[in-house]
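As structure tokens, the structure follows; a few thoughts come after it.
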Amino acid sequence: MRSLKIRERGPELISCPTCGRTRIDLFSLAEKVENYVQTMETPLKIAVMGCVVNGPGEAREADIGVAGGNGVGIIFKKGKVWKKVSENELMDVFMAELEKMEDEGHKP
Ligand code: SF4
């Protein structure tokens, strides 16, 4: 698992190393998420994973994460699927939830 600490404060981004199961353009997804989280202050652990089957479990330490492929996207929290959406909606729903968690200062 790769880990990228954006700043001293703020979120930490993790992504899977990708493998034969990767079902999504992980690089462009991770890039979009990375650009977005630059503005965030809350110390969330955010995961970007390549497949919906193993992604949540492999990134169970993440506060929130995304995975997708074959037209489906999921958002998971602490290893559990939180929402399933179409791949097209994935980034919008994910960003909205990140924004909410940022506003709430990530209170559970
Ligand atoms: S999350 Fe999926 S694509 Fe990424 S390394 Fe694990 S099995 Fe492979």
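Please treat every number below as a calculation from the coordinates, not as lab data. Note that the structure is a prediction, hence the values are computed from the model and not measured. Cβ coordinates were reconstructed from backbone atoms using ideal geometry, including for glycine residues, and neighbour counts include every protein chain displayed.
Could you tell me how many degrees, from 0 to 90 and to the nearest 10, lie between the Cα long axis of helix 26-37 and the main elongation axis, the longest principal axis, of the Cα atoms of the chain?
20 degrees
By per-residue mean of other Cβ atoms within 10 Å, what is the highest-first order of 23-32, 55-64, 41-50?
By packing density, highest mean first, the sequence is 41-50, 55-64, 23-32.
How high is the FRET efficiency from D103 to V53, r the C-beta distance, R0 30 Å, rounded to 0.05?
The formula returns an efficiency of 0.45 here.
How high is the relative contact order of segment 2-101, given as a whole-number percent (alpha carbon pairs under 8 Å, six or more residues apart)?
20 percent
Across all directions of projection, what mean area in square nanometres is found for the Cα convex hull of segment 2-101?
Over every viewing direction, the Cα hull of segment 2-101 projects on average to 5.4 nm².
At 7 Å along the Cα-to-beta-carbon direction for both T22 and V72, put a label point, then send me their distance in nm to one decimal.
Label at T22, label at V72, 2.1 nm between them.
I need the calculated FRET efficiency for the pair E89 and E41, taking r as the beta carbon distance and R₀ as 25 Å, to the nearest 0.05.
Working from the Cβ atoms, E equals 0.45.
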